[in-house]
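A short worksheet on the structure shown next.
The values are calculated or read from the model by the stated rules, or taken from the named source; none is laboratory data. What you are looking at is a predicted structure, and each value in this text was computed from that prediction instead of being measured. Neighbour counts are summed over all protein chains in view; Cβ atoms, including those assigned to glycine, are modelled from backbone coordinates with ideal geometry. Side chains included, ligands, DNA and RNA excluded: accessible areas come from the protein's heavy atoms. Shrake-Rupley method; radii C 1.70, N 1.55, O 1.52, S 1.80 Å.
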Amino acid sequence: ADDRLRHASFRGLREDKPVREIVRETPKPATVAKPQRRSVRLTHPDRLYWPDDGVTKEGLADYYVEIWRHIAPFIVGRPLALLRCPNGVGGETFFQKRAWKGLDGNIVLAKDPKEPSEEPLIGIRDLDGLMGLVQSAVLEIHPWGSTLADWERPDRIVMDLDPGEDTPWTAVIAAAQETRRRLEEAGLSAFVKTSGGKGLHVVSPLTPTTEWPAVKAFTKTIAEAMAADSPDRFVSTVAKAKRRGRVLIDYLRNQRGATAIAAYSTRARPGAAVSMPLAWDELSAGVGPAYFTIRNAPRRLASLESDPWAGFHAAAAPLEAPKPRRKTAA
DNA sequence: GTGTGAA
DNA sequence: TTCACACAACGCGAG
DNA sequence: CTCGCG
Ligand SMILES: [Mn+2]
Ligand SMILES: [Mn+2]
C-alpha cells in the first residue's frame, strides 16, 4: 500500500535500487502478534513530524511498535538523552536529559549516583515508556553506553565515524573496516550500523567489567593509532577544519554521560532516516548512511533471514588490559 | 508538549 | 477559559 | 579562558 504523499519537490531521493538482500521482496510470514500500543494516548496523532516525508506522530508510534523487539535492548534500562521536536522537523528542537514536569508516567526517573542533588535523568522500561517518548515528541533517542544496573561500567563501545567535507562514502566504509580490525585484534566483536545521519557507527558489546576512564582510554588509543598510521585518511580530533577529505574517528562517545544515537532510532532530519544495523558485507556504495528510513526499515526487518545483530549481546567480551605487544627476550 | 499565571 | 510564555544539556578537547 | 562540537 503506497500511502501518504511524498513531496515531489524533495530531491536527493534515493532511487530505490534494490540492493541485494537489503530489502527483500517477499516478507517472511508474519505470525508473531505485534505488541499493542497500550495506555499511552497520543495527542495530535496526525501532526506531521516529518512534513517532507509525510510521516506523522502516529506513524512514528507505529514504527516503534513494529520494531520494538529490535530496539528494546538498546534503549531499555539506560539513561537517555532525548532530542525533542514538538512541532516536527523544521520546528524548534531541543535536547533533554533530565526529568521534566508533567512527564509521562511510563518514563522512569533515574538518579545519577554521581550527582545526588541534581534532577534525575530519564529512562524507560517497556514499550509504554517508548510510547511516552513518542507522545513527548522525542524524535531521537541517545542512550548512554552503560546501564542503570551499572552506571560506571559500559556494556558497549561506539566508534562514531564522521566524514568530513568531500570525503567519499567509500572512505567511511574503509574506516569502519579498519576500526573493526583493531577492535577484533583487542578481542572484541564489532558490529556496524548506519547512523541515519552522515556516517557509520562501529559498535562492540562489552561485559561490564571495566570502568569508563579505561574504556575511554582504550578507544582513544585506537582512534589515535588510526590517525597516526593514516594521517591522510583519518583524524582523531573533533576540530572540523582538519577533516576535509578524511574521516573523524570520534571516540568521545565513550565517556561517562556521553551518548550516541541508538540503533533503530529515528533521526530528526528530512528523510526520516533511522540508524540501521547492518551485516558487514552489506556495506557498499549503494547503501548510504541515511538509506534506511521509517518507511523501509520495518520491511527490511520483517524479511531478513537473520538479524545481522542477532548475536550482539552474546558476543559481549571483557576489555582486557592491553597486552604487552610481545615479550622481548630479556 | 506541558505547566503556569495573567488577562 | 484562553492564551502568551517559559522551559526543556553539558562536558570535553583544542587553541 | 572561550569556543566548537556532538
Ligand atoms: Mn560524531
Ligand atoms: Mn556520527
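Some values worked out for this structure:
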read-out	value
Pair list, Cβ < 6 Å and 6+ apart or interchain, from the range A:48-66 residues that are touching a residue at least 40 places away in the same chain (Cβ under 8 Å) to residues that are open to solvent by less than 20 Å² (accessible area, probe 1.4 Å) and among the charged types (D, E, K, R)	A:Y49/A:K57
Within the range A:210-231, considering residues that are in contact (Cβ under 8 Å) with a residue 60 or more places away in the chain and not hydrophobic (A, V, I, L, M, F, W, C), the one most open to solvent (accessible area, probe 1.4 Å)	A:T221
Residue count, the range A:95-109 (criterion: of a type in the set (A, V, I, L, M) and either open to solvent by 50 Å² or more (accessible area, probe 1.4 Å) or more than 14 Å from DNA strand C (Cβ to nearest atom) (or both))	2
Odd one out for A:A262 among (1) near DNA strand D (Cβ under 10 Å from one of its atoms); (2) touching a helix residue (DSSP H, G or I) at 6+ places or on another chain (Cβ under 9 Å); (3) within 30 Å of A:G54 (Cα to Cα)	(1)
Pairs with Cβ under 7 Å, 6+ apart, first in the range A:172-200 and on the phi > 0 side of the Ramachandran plot, second within 15 Å of DNA strand D (Cβ to nearest atom) and open to solvent by less than 20 Å² (accessible area, probe 1.4 Å)	A:G196/A:I261; A:G196/A:S275
Some residue of the range A:79-94 being at pLDDT 95 or above, surrounded by 10 or more Cβ atoms within 10 Å (Cβ to Cβ), among the charged types (D, E, K, R) and out of contact with any Asp or Glu (no Cβ under 8 Å at 6 or more places or on another chain)	yes
Close pairs from the range A:298-319: first closer than 16 Å to A:L278 by Cβ, partner assigned to a loop (DSSP other than H, G, I, E, B) and open to solvent by less than 20 Å² (accessible area, probe 1.4 Å), Cβ under 7 Å, at least 6 apart	A:R300/A:I22; A:R300/A:F292
Output for the range A:232-261, where each listed residue is under 16 Å from A:A175 (Cα atoms), open to solvent by 60 Å² or more (accessible area, probe 1.4 Å) and either touching a Gly at 6+ places or on another chain (Cβ under 8 Å) or more than 8 Å from DNA strand C (Cβ to nearest atom) (or both)	A:D232, A:R233, A:R244, A:R246
Residue identified as open to solvent by 20 Å² or more (accessible area, probe 1.4 Å) and either hydrophobic (A, V, I, L, M, F, W, C) or modelled with pLDDT of 95 or more (or both) among A:D128, A:D112, A:D155	A:D155
Selection within the range A:152-189 - more than 24 Å from A:R78 (Cβ to Cβ), under 20 Å from the mean Cα position of the chain (by Cα) and part of a loop (DSSP other than H, G, I, E, B)	A:G164
Counted residues, the range A:199-248 - those being within 15 Å of ligand 1 (Cβ to nearest atom) and assigned to a loop (DSSP other than H, G, I, E, B)	6
Residue satisfying condition, being aromatic (F, W, Y), more than 14 Å from ligand 1 (Cβ to nearest atom) and surrounded by fewer than 16 Cβ atoms within 10 Å (Cβ to Cβ), within set A:W309, A:W280	A:W280
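Every residue, every condition in (1) out of contact with any Leu (no Cβ under 8 Å at 6 or more places or on another chain); (2) away from DNA strand D (no atom under 16 Å from the Cβ), yes or no:
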site	(1), (2)
A:L109	no, yes
A:K114	yes, yes
A:S117	yes, yes
A:L133	no, yes
A:A137	yes, yes
A:H142	no, no
A:T147	yes, yes
